[in-house]
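The values are calculated or read from the model by the stated rules, or taken from the named source; none is laboratory data. Small disclaimer: the values here were computed from a predicted structure and weren't measured. Here Cβ is always computed from backbone atoms with ideal geometry, including for glycine, and neighbour counts include all displayed protein chains. Side chains included, ligands, DNA and RNA excluded: accessible areas come from the protein's heavy atoms. Shrake-Rupley method; radii C 1.70, N 1.55, O 1.52, S 1.80 Å.
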Amino acid sequence: GENVEQHPSTLSVQEGDSAVIKCTYSDSASNYFPWYKQELGKRPQLIIDIRSNVGEKKDQRIAVTLNKTAKHFSLHITETQPEDSAVYFCAASPQTALIFGKGTTLSVSS
Amino acid sequence: DAGITQSPRHKVTETGTPVTLRCHQTENHRYMYWYRQDPGHGLRLIHYSYGVKDTDKGEVSDGYSVSRSKTEDFLLTLESATSSQTSVYFCAISDATSGGSQETQYFGPGTRLLVL
């Protein structure tokens, strides 16, 4: 079945820096790749997603890139702010379910 | 937030007792999911439903059963709770017409379950 690896597990940056989180997946049939943000004690919330027919997608300070050949996708956050501090999860969708990575704890210090 | 509620929000129970968690949606979405979230493991799928009375297993289904008798409700039952089932349980919904997971999944607020 699908396996999603996510790195790094923790990431600390200064306010205004960029942050990059990378995920790899194993199942070439996966064609939908969402990213979720989870604040402490809250539910996961979708921040951006990308489908396999697109190589890059951007929404303000957040962008996601997908390399289907290499089976990896990345989340890029520019001009980080303290409110970006949270746990970020990537996921891949082969058919009937989302398979999640184990999460990256992002800390943005001011 | 999408119209998803979970009940109870917190529960403490003893090993060996049955526990039922409820997920209720007001969005009329076809797909519903149950995940558990544990430190170091991310979110893992327990069971999902693709319609009334249509359910299937996820990657960590042992010890859990589900039922969906109405579009709006998806129940997760721990027949005999064990300490390893202490976790945070999230319900999610999706409005996919096929495949199920290839549309946005919206999560409920979660249920914290402690099995002593």
request  = Have a look at B:S101, B:S87 and point out the one that is at pLDDT below 95 and either farther than 24 Å from A:I47 by Cα or out of contact with any helix residue (DSSP H, G or I) (no Cβ under 6 Å at 6 or more places or on another chain) (or both).
outcome  = B:S101
ask   = Restricting the search to the range A:1-22, which residues are part of a strand (DSSP E or B) and within 14 Å of another protein chain (Cβ to nearest Cβ)?
value = A:V4, A:E5, A:Q6, A:H7, A:T10, A:I21
ask   = Is it the case that B:Q37 is touching a strand residue (DSSP E or B) at 6+ places or on another chain (Cβ under 6 Å), modelled with pLDDT of 95 or more and within 9 Å of chain A (Cβ to nearest Cβ)?
value = yes
query = Could you list, in sequence order, the residues of the range A:53-105 that are under 21 Å from B:L45 (Cβ atoms) and of a type in the set (K, R)?
reply = A:K71, A:K102
task = Being open to solvent by 10 Å² or more (accessible area, probe 1.4 Å) and either assigned to a loop (DSSP other than H, G, I, E, B) or within 14 Å of chain B (Cβ to nearest Cβ) (or both) is the filter here, so list the residues in the range A:75-85 that pass it.
result = A:T78, A:E79, A:Q81, A:S85
key: Meets criteria (more than 14 Å from chain A (Cβ to nearest Cβ), modelled with pLDDT of 95 or more and closer than 25 Å to A:P94 by Cβ) for B:D73   = no
query = Are there any strands (runs of 3 or more DSSP E) wholly within chain B with 2 or more residues that are of a type in the set (D, E, K, R) and under 21 Å from A:L98 (Cα atoms), and if so which?
reply = B:31-38, B:54-57
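Results for (1) among the hydroxyl-bearing types (S, T, Y); (2) farther than 27 Å from A:Y32 by Cβ; (3) exposed (fewer than 14 other Cβ atoms within 10 Å of the Cβ), shown as yes or no for each residue.
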| position | (1), (2), (3) |
| --- | --- |
| B:R36 | no, no, no |
| B:L45 | no, no, no |
| B:Y48 | yes, no, no |
| B:Y64 | yes, no, no |
| B:C91 | no, no, no |
| B:A96 | no, no, no |
| B:L116 | no, yes, yes |
inquiry  = Report every pair of residues separated by at least 6 positions or lying on different chains whose Cβ atoms are under 7 Å apart, first residue within the range A:38-59 and farther than 15 Å from A:E83 by Cα, second of a type in the set (D, E).
reply    = A:I48/A:D59
task = From the list A:A97, A:A91, pick out the single residue that is within 22 Å of B:Y33 (Cβ to Cβ), open to solvent by less than 20 Å² (accessible area, probe 1.4 Å) and part of a loop (DSSP other than H, G, I, E, B).
result = A:A97
message = Return the residues of the range A:34-49 that are more than 10 Å from chain B (Cβ to nearest Cβ) and open to solvent by less than 70 Å² (accessible area, probe 1.4 Å); say none if nothing qualifies.
response = A:W35, A:K37, A:I47, A:I48
remark   = Of the conditions (1) surrounded by 17 or more Cβ atoms within 10 Å (Cβ to Cβ); (2) closer than 30 Å to B:Y48 by Cα; (3) more than 12 Å from every other protein chain (Cβ to nearest Cβ), the single one that A:V108 does not satisfy is (2)
